[in-house]
Amino acid sequence: MDTTQVIVIVIVAILVLGGAIGAAVATQRRRKQLEELPPAPKAQEAPKVEEETLSAAPPKEVPGEGEISTPAIELPESLPSRMQRLRARLARSGALGQTLLGILSRGDLSAEDWEEIEDTLLLADVGLDPTAEIMENLRTQVKIEGTQDPQRVRAILRNELRTLVDPAMDRTLHLDTVSTDGGVPVPATILMVGVNGTGKTTTVGKLARVLIAEGKTVLLGAADTFRAAAADQLTTWGDRVGAPVVRSDREGADPASVAFEAIEQGKEKGVDVVLVDTAGRLQNKAGLMDELGKIKRVMERTHPVNEVLLVLDATTGQNGLKQAQVFAEVAGVTGIVLTKLDGTAKGGIVIAVQRALGVPVKFIGLGEGADDLAPFDAESFVDALLG
Ligand SMILES: Nc1nc2c(ncn2[C@@H]2O[C@H](COP(=O)(O)OP(=O)(O)OP(=O)(O)O)[C@@H](O)[C@H]2O)c(=O)[nH]1
Ligand SMILES: [Mg+2]
């Protein structure tokens, strides 16, 4: 064997060895990722796939992947005109103001009138404790000022409501992330949670539209895998607002895998925000709540979830509070989206739910349309509430 042959053999040996080490490291890394996954919850409503599916059968993307926005997409309504329209709609649903105005305009307030004010607040879903607080402060202030002037009493009441709605709460979405995964920027993530039919999927669509209008690139993850129709509904929104959707082609696939894959693809495409829709679940179904916890943990492998938005149907009134508490415990809710305030909802639930969770209402839903989502604004909300 001459020197050239020896050198060739050595080079080939190095290349083979290098390749083998590389493959072993990659396998090890993948295995470690999978091992870090929490144990799969017991199957409840839908069969779960093994966590290995993360690599074995990655969720597929619907057509349109790679195009973060397409030119055919309708542009959102401008913010001022949307706000004006939404305020008018909210004001129409504010029965609280009409009734209170009726009582206050009677002039000298009798014991029955005070009771009626209290009942009106309770019926508007303000909640027991906040109502008691408002009433006490209102009586005290009226006594101190020695006033029975309806306009003045109304102004005091407005101030009390304003204090309880708390204009100082931070209601912005925190979507700044400087995290990287091996040099690849990690997108900001939003996880949408809540019980069945509250408006999660619709809110994902509306919110994606708002973010895209702000110039952000958005990808949607269809982690509601219970029904194929759920992913179809999200895909319709994705097409409408110009956001690609990551979904599984199998009904009953592991939602955590889809959420994981959505973030992976978000990284690949370099999108700014990944919005993950989840299936509606009742807060008293332990298996389903465990599953939600798992979705969140899997999403947090490289970066904490930026926002966990709890979608609450305002028409469910005080019943929503218990739901809110359980979801907050399991998923660490960072903000509330209160939907269906355009309907028969009474609005006072904003005060009750913020107080129960200590978490701000960040958005309100005022209809089924793409532009029927508004950032929550404490001042105009109280005005609209009082009519
Ligand atoms: N009036 C009104 N309807 C809304 C609002 N938000 C959602 N909806 C409607 O409520 C219904 C349920 O909305 P979805 O977005 O499918 O609710 P979901 O929480 O995703 O439902 P599940 O996935 O089945 O749990 C739909 O008919 C929506 O159009 C809102 O702010 N106002
Ligand atoms: Mg849904």
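Brief remarks follow.
- Residues that are away from ligand 2 (no atom under 16 Å from the Cβ) and either at positive phi or under 20 Å from the mean Cα position of the chain (by Cα) (or both), drawn from region 265-282: Gly266, Gly270, Val271, Asp272, Val273, Val274
- Scanning region 327-349 for residues that are away from ligand 1 (no atom under 12 Å from the Cβ) and modelled with pLDDT of 90 or more yields a count of 10.
So that you can scan it fast, the table gives a plain yes or no per residue for (1) within 16 Å of ligand 1 (Cβ to nearest atom); (2) crowded, with 24+ Cβ neighbours inside 10 Å; (3) in contact (Cβ under 8 Å) with a residue 40 or more places away in the chain:
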site	(1), (2), (3)
Val142	no, no, no
Arg162	no, no, yes
Met169	no, no, yes
Thr177	no, no, yes
Pro187	no, yes, yes
Val193	yes, yes, yes
Glu214	no, no, no
Ala223	yes, yes, yes
Gln233	yes, no, no
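- Any hit, region 372-380, residues being under 13 Å from Leu310 (Cβ atoms) and not aliphatic (A, V, I, L, M): no
- For region 212-226, a residue qualifies if it is aliphatic (A, V, I, L, M) and under 16 Å from Gly199 (Cα atoms), and the qualifying residues are Leu220, Ala222, Ala223.
- When the residues of region 195-206 are filtered to those that are in a loop (DSSP other than H, G, I, E, B) and at negative phi, the one that is surrounded by the fewest Cβ atoms within 10 Å (Cβ to Cβ) is Asn196.
- Taking region 343-365 as the range and being within 16 Å of the chain's Cα centre (by Cα) and either over 25 Å from Gln325 (Cβ atoms) or polar (S, T, N, Q) (or both) as the test, only Gln354 passes.
- Tabulated pairs, region 267-291, first farther than 16 Å from Arg247 by Cβ, second among the basic types (Lys, Arg) and within 14 Å of ligand 1 (Cβ to nearest atom), C-beta under 8 angstrom, 6+ apart or interchain: Gly280/Lys200; Leu288/Arg281; Met289/Arg281; Glu291/Arg281
- Of all the numbered requirements in (1) under 17 Å from the mean Cα position of the chain (by Cα); (2) at pLDDT below 90; (3) more than 16 Å from ligand 2 (Cβ to nearest atom), Gln323 misses one, and that requirement is (3).
- None of Leu191, Leu164, Leu173 is part of a loop (DSSP other than H, G, I, E, B) and closer than 30 Å to Met289 by Cβ except Leu173.
- Residue selected from region 332-350 under the condition away from ligand 2 (no atom under 16 Å from the Cβ) and not in a loop (DSSP other than H, G, I, E, B), by the criterion farthest from Thr315 (Cα to Cα): Gly335
- For region 351-363, the set of residues classified as part of a loop (DSSP other than H, G, I, E, B) and of a type in the set (Val, Ile, Thr) consists of Val359 only.
- Residue count for region 233-246, restricted to those that are away from ligand 2 (no atom under 11 Å from the Cβ) and not β-branched (Val, Ile, Thr): 6.
- Residue check, Lys340 of a type outside the set (Gly, Ala, Ser), crowded, with 18+ Cβ neighbours inside 10 Å, at positive phi and touching a strand residue (DSSP E or B) at 6+ places or on another chain (Cβ under 7 Å): yes
- Candidates Pro255, Pro304 - the one that is free of Cβ contacts under 8 Å to residues at least 60 places away in the same chain, in contact with a Phe, Trp or Tyr (Cβ under 9 Å, 6 or more places away or on another chain) and not hydrophobic (A, V, I, L, M, F, W, C): Pro255
- One residue alone among Lys322, Lys296 is surrounded by fewer than 24 Cβ atoms within 10 Å (Cβ to Cβ), of a type in the set (D, E, K, R) and farther than 22 Å from Ala259 by Cβ, and that residue is Lys322.
- Pairs, first charged (D, E, K, R) in region 350-361, second outside any helix (DSSP H, G or I) and surrounded by 18 or more Cβ atoms within 10 Å (Cβ to Cβ), C-beta under 9 Å, six or more apart: Arg355/Gly127
- Looking only at region 245-286, residues that are within 16 Å of ligand 1 (Cβ to nearest atom) and not charged (D, E, K, R) come to 15 in all.
- Number of positions in region 364-378 that are in a strand (DSSP E or B) and either free of Cβ contacts under 8 Å to residues at least 24 places away in the same chain or in contact with a helix residue (DSSP H, G or I) (Cβ under 7 Å, 6 or more places away or on another chain) (or both): 3
The values are calculated or read from the model by the stated rules, or taken from the named source; none is laboratory data. Not measured: the values here are computed from a predicted model. Heads up, the Cβs are rebuilt from the backbone with ideal geometry, glycines too, and the neighbour counts pull from every protein chain shown.
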